[in-house]
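The values are calculated or read from the model by the stated rules, or taken from the named source; none is laboratory data. Treat the numbers as computed from the prediction; the structure is a model and nothing was measured. Virtual Cβ from ideal backbone geometry, glycine too; neighbours counted across all protein chains shown.
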Amino acid sequence: MSTPETILAVEHLTVVFHTYAGVVEAVRDVSFTLGKGEVLAIVGESGSGKSVTAQAVIGLTPIPPGEIRSGRIDYRGTDMARAGIATLAKIRGAGISMIFQDPMTSLNPSMQVGKQIREVLHQHKSLSSAESIAAAVELLRLVGIPEPESRLVQYPHQFSGGMRQRIMIAIAIANNPDILLADEPTTALDVTIQSQIFRLIRDIQKRFGTAMILITHDLGLVAGSADRIAVMYGGRIVEEGLTDQIYYNPQHPYTLGLLNAVPKLTDSGDAPLRTIEGLPPLLINPPDACAFADRCPFVMKICRQKDPGYFTPVPDNRAACWLHHESAASQRAAFTSARVPA
Amino acid sequence: MLLRYIARRLVIAIVAIYVLATITFFLMRLVPGDPFAGPRVAPEIRQALREHYGLNLPLIQQYGIFLWNLLHGDLGLSLSSRGHPVTDIILQAAPVSFDLGIRAMILSISAGLFFGIVAALHRGTALDYLTVVLVLIGISIPSFVLAGILQYYLGVYFKVLPIARYENFQSTIMPAFALSLGTMATIARYMRSSMLEVVHADYIKTAYAKGLTARQVVWRHQVRNALFPILTILGPAVANVLTGSFVVETVFAIPGLGRYFVTAMQNLDYTLVMGMTIFFGAFLILMNFLVDVAYGLIDPRIRLA
Amino acid sequence: MTTLDPSLFEPDRERPPDALAGRVSLAFWSDVWRRFRQNGPAMVSLVVLVLFAILAIVAPLFAKHPWDYTDLMSTYEQPNWEHWFGTDALGRDIWISVWVGARVSLTVGLTAALAQMVIGVLIGCFSGLYGGRVDMVVMRFVDIMIAIPFLIWVSLFMLVLTPGIGSIIIAFALTQWTDIARLTRGEVLKLKQTEFVIASRSLGASGWRLIIRHFFPNILPIIIVAVTFQVTNAIFGEAFLSYIGLGIQPPLTSWGKLVSMGISEMRDNPYMLIFPGAAITLTMLSLQLIGDGLRDATDPRLRR
């Protein structure tokens, strides 16, 4: 299989936040690449650093209190972590776009919807009013909003949540970006609408060949959509691999925990939900150890003393877990047998 | 339905004026003794007053006369000004007060918005702290203290501005400023916090994600939405300016409504006080109504509900 | 890669340290105090107010003469070692006058605000709990009361009642409860929508106790902040009334009276306005900062 040309390369990114309680290391030494037209899902619970990573990619990290301490985010030769405001503004909305979680508050309530779409068009292209109006109508039609001509002049409150998210998608793809970042795009929506919107995003991505980074806390959601999955915990990528491998052959206890947490049709009706015990760590002065150690059912002494780094137990995969060290054979066996057959 | 919204507000306004007039009427009747027999009331007009108000009639009929007069724009006769109709006094003094009030409002709104926006945009810098300090002083210093100090230092000590009367442009500067400071401080403070609140809104993130520059985001999205809540304090702001005028006009000897009201109270001129109260109340109720209408026109959520 | 001791790869049976250790949950009020303490201006204001209160109580006790002791030999004296704030037209010491006036102004402010609180909370609870028509009528009434500016209301009342401390407090209490009533009603309405109400129906009496136990801690911070601001209004209002002559009557004095005398003497004796004026301004400023500080300290969204 030919590897697609890389369009985004994140190298050793570390993002910290200065808070009253101390310096929180939200993203710690994260590296990954994204190929043209590829869909990468970043999965993790709240506080894992996934949203912060996406924000950094598009250059929207709030600079005080945030700080990009180290690393490089390469997009077509520009380092998004260090570029100037003018450069970033040219890329945002055109080369890299983002949709956010809550459609109810992501649109300006006092501005007509059509104006908000045309704003992103005019920002990056020189168009006449007539041209941008026509383009906006087409975009609304594309995202499935009926009677787009008359809806251009309406205000956000006149649309439902699902439709507002469609408008957000329209804004994001207006300039046919190379990369689309979707930060939990369906989390805030009604369950029935979630799959509709999700399908829309997927269709658009396939149609335009846009590379996409999909951020979610729901492993179940991305099974049919992502090419690759990166699992984040405690500000680090703890496992990354092809979708099938992650689902059928997870190599990290946390990934296993996430998979087990999804209730299965074969569970009996009154079986308790499987959870991962404990709470995510506070990332202030994190020690040099595995962040998941306190919650890991397979924890070993070394897990609390030294950070594992990456192993490659199976091809096209990396996992940050001591279980894959040659000396951990017995625990690794326990891990392998603990995996519930899919 | 915008019309329904406006109509409702109008009805509320009219009812409010009516209730206000009624309360004032009965309140004045509660004054111990006979207000019309006070020492300041010239004897020759007592009879005229008695007839005008129908004081010999039962209370209900007096009330009826009162309302009837009110509908005809007759607010009664002043006790201490020898039976001068209250309405005439008001009409004479109103232009001066309106002139002063409008100057003060323009100053408050423009300077207030300016400082609020600038402080929010430069949050945490010296400019921001300076604004916050000025705001705090502005809302803490009572208007009469401020008026007195201005009058002394600018008028007497430095002799820069005239200390009294309202004849030329220079004489409007100090009173307008003294009158505007409290409201200016309030507007600045609310605008600043509104801007700071809006900056955290998700649609601001969206705006940046579109590739807009900071200046575009601020002016097209942030300021516009931050202005909305300011409308709601415009009503109380007008009220503040009105009551502030009592003091400022007195200190600077300006022949406006405020000063007449204060002297009316000091002279125990009950009818004048009553008439002016109804006038002030009706004016403020009307202002609040207009602000409500403006809000309905501007907020798309109401306009197109 | 350096070789690692195989024994390190044995399972770790120790209990992990308590993950919750980093998140200490504090009792509500001690947390509020902690946050308030961090607010520099608010703490300074608190000190200033306490200082003023102490001076108001203590300073007149140490005076050689009562405040209205007239000494016609030393009228209009500039501030000097004998009279720290100078003397007025009748030779009365202004330092003492200011602190006697403080007693009146602070008392009026505090009492009026507390009275407003009681009335406001009662009306707000009443309106919120009954809801429906009752609520609508009460709220319309409130709207009308708000339509008249506060200074006009109190002036009207003072015309009807005989001027004096008691009437001032009554005038304020009867007309300025509206803000607190609205806040209370808002909280009651919010509470009505929570599950507590449903629980009360099934739990009966103990449910009510539960509601009260949850209701008051929620509403108390809001009320306290509102009351703090009401004190500023009351102090200002009293000063205004005294300035126009409808407020405190002799033999008492208040900051308002002192300021009104000071304004007429501004030309030659500015100190007569400056000291009482500064006293009022500092008090109102301090109350404002304390109110802001309390509001920030009790705002759940600002928890660190």
Residue list for segment C:272-285, filter: more than 8 Å from chain B (Cβ to nearest Cβ) and either in contact with a strand residue (DSSP E or B) (Cβ under 9 Å, 6 or more places away or on another chain) or crowded, with 24+ Cβ neighbours inside 10 Å (or both):
C:M272, C:P276, C:T283
Which residues, counting only those in segment C:250-269, are buried (at least 19 other Cβ atoms within 10 Å of the Cβ) and in a loop (DSSP other than H, G, I, E, B)?
C:T253, C:S254, C:M266, C:N269
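Considering every residue within segment B:230-247, establish whether at least one is within 14 Å of chain A (Cβ to nearest Cβ), more than 30 Å from A:L121 (Cβ to Cβ) and assigned to a helix (DSSP H, G or I).
We begin by selecting, within segment B:230-247, every residue within 14 Å of chain A (Cβ to nearest Cβ); these are B:230-231.
Pick out the ones that are also more than 30 Å from A:L121 (Cβ to Cβ) and you get B:230-231.
Checking which are assigned to a helix (DSSP H, G or I) leaves us with B:230-231.
Yes, the conditions are met somewhere in segment B:230-247.
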Go through (1) more than 10 Å from every other protein chain (Cβ to nearest Cβ); (2) buried (at least 20 other Cβ atoms within 10 Å of the Cβ) one by one and return the number of the condition B:R215 breaks.
(2)
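Select, from A:A223, A:A230, the only residue that is crowded, with 20+ Cβ neighbours inside 10 Å and either of a type outside the set (A, V, I, L, M) or more than 14 Å from chain C (Cβ to nearest Cβ) (or both).
Working: A:A223 fails: crowded, with 20+ Cβ neighbours inside 10 Å.
It is A:A230.
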Note on segment A:81-94: residues more than 13 Å from every other protein chain (Cβ to nearest Cβ) and surrounded by 15 or more Cβ atoms within 10 Å (Cβ to Cβ) are A:A81
Can you tell me which residues in segment A:95-135 are farther than 28 Å from A:L8 by Cβ, more than 13 Å from every other protein chain (Cβ to nearest Cβ) and of a type in the set (A, V, I, L, M)?
A:A130, A:I133, A:A134
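Can you tell me which residues in segment B:264-275 are at the interface with chain C (Cβ under 9 Å from one of its Cβ atoms) and assigned to a helix (DSSP H, G or I)? Outline the logic, then answer.
The initial filter retains those residues of segment B:264-275 that are at the interface with chain C (Cβ under 9 Å from one of its Cβ atoms), namely B:265-266, B:268, B:270, B:273-274.
If the condition is that a residue be at the interface with chain C (Cβ under 9 Å from one of its Cβ atoms) and assigned to a helix (DSSP H, G or I), then B:M265, B:Q266, B:Y270, B:V273, B:M274 are the ones that fit.
Hey, among C:G186, C:G204, C:G131, which residue is modelled with pLDDT of 80 or more and surrounded by fewer than 17 Cβ atoms within 10 Å (Cβ to Cβ)? Show your work before the answer.
Details: C:G204 fails: modelled with pLDDT of 80 or more; C:G131 fails: modelled with pLDDT of 80 or more.
Being modelled with pLDDT of 80 or more and surrounded by fewer than 17 Cβ atoms within 10 Å (Cβ to Cβ) holds for just one of C:G186, C:G204, C:G131, which is C:G186.
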Check off (1) in contact with a helix residue (DSSP H, G or I) (Cβ under 7 Å, 6 or more places away or on another chain); (2) closer than 17 Å to A:A56 by Cα; (3) within 7 Å of chain A (Cβ to nearest Cβ) for B:D202 and give me the number that stays unchecked.
(1)
Of the conditions (1) under 30 Å from A:T105 (Cα atoms); (2) among the hydrophobic types (A, V, I, L, M, F, W, C); (3) touching a Gly at 6+ places or on another chain (Cβ under 7 Å), B:V199 fails just one. Which one is it?
(3)
Subset of segment B:245-271 (residues that are farther than 16 Å from C:I152 by Cβ and in contact with a Leu (Cβ under 6 Å, 6 or more places away or on another chain))
none
Would you confirm whether or not segment A:298-318 contains a residue that is away from chain C (no Cβ under 12 Å), in contact with a helix residue (DSSP H, G or I) (Cβ under 8 Å, 6 or more places away or on another chain) and surrounded by 18 or more Cβ atoms within 10 Å (Cβ to Cβ)?
yes
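Going by the structure shown, is A:T192 surrounded by 16 or more Cβ atoms within 10 Å (Cβ to Cβ) and under 25 Å from the mean Cα position of the chain (by Cα)? Steps first, please.
Values: surrounded by 16 or more Cβ atoms within 10 Å (Cβ to Cβ): no; under 25 Å from the mean Cα position of the chain (by Cα): yes.
Against the criterion (surrounded by 16 or more Cβ atoms within 10 Å (Cβ to Cβ) and under 25 Å from the mean Cα position of the chain (by Cα)), A:T192 does not qualify.
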Of (1) within 27 Å of the chain's Cα centre (by Cα); (2) among the aliphatic types (A, V, I, L, M); (3) surrounded by fewer than 16 Cβ atoms within 10 Å (Cβ to Cβ); (4) more than 12 Å from chain C (Cβ to nearest Cβ), A:I237 satisfies every one except (3)
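Look through C:L246, C:L289 and report the one residue that is surrounded by 23 or more Cβ atoms within 10 Å (Cβ to Cβ), part of a loop (DSSP other than H, G, I, E, B), within 11 Å of chain B (Cβ to nearest Cβ) and touching a residue at least 60 places away in the same chain (Cβ under 8 Å).
On the way: C:L289 fails: part of a loop (DSSP other than H, G, I, E, B).
Just one listed residue meets the conditions, C:L246.
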On the basis of being in contact with a Phe, Trp or Tyr (Cβ under 9 Å, 6 or more places away or on another chain), away from every other protein chain (no Cβ under 11 Å) and assigned to a helix (DSSP H, G or I), does A:L323 make the cut?
no
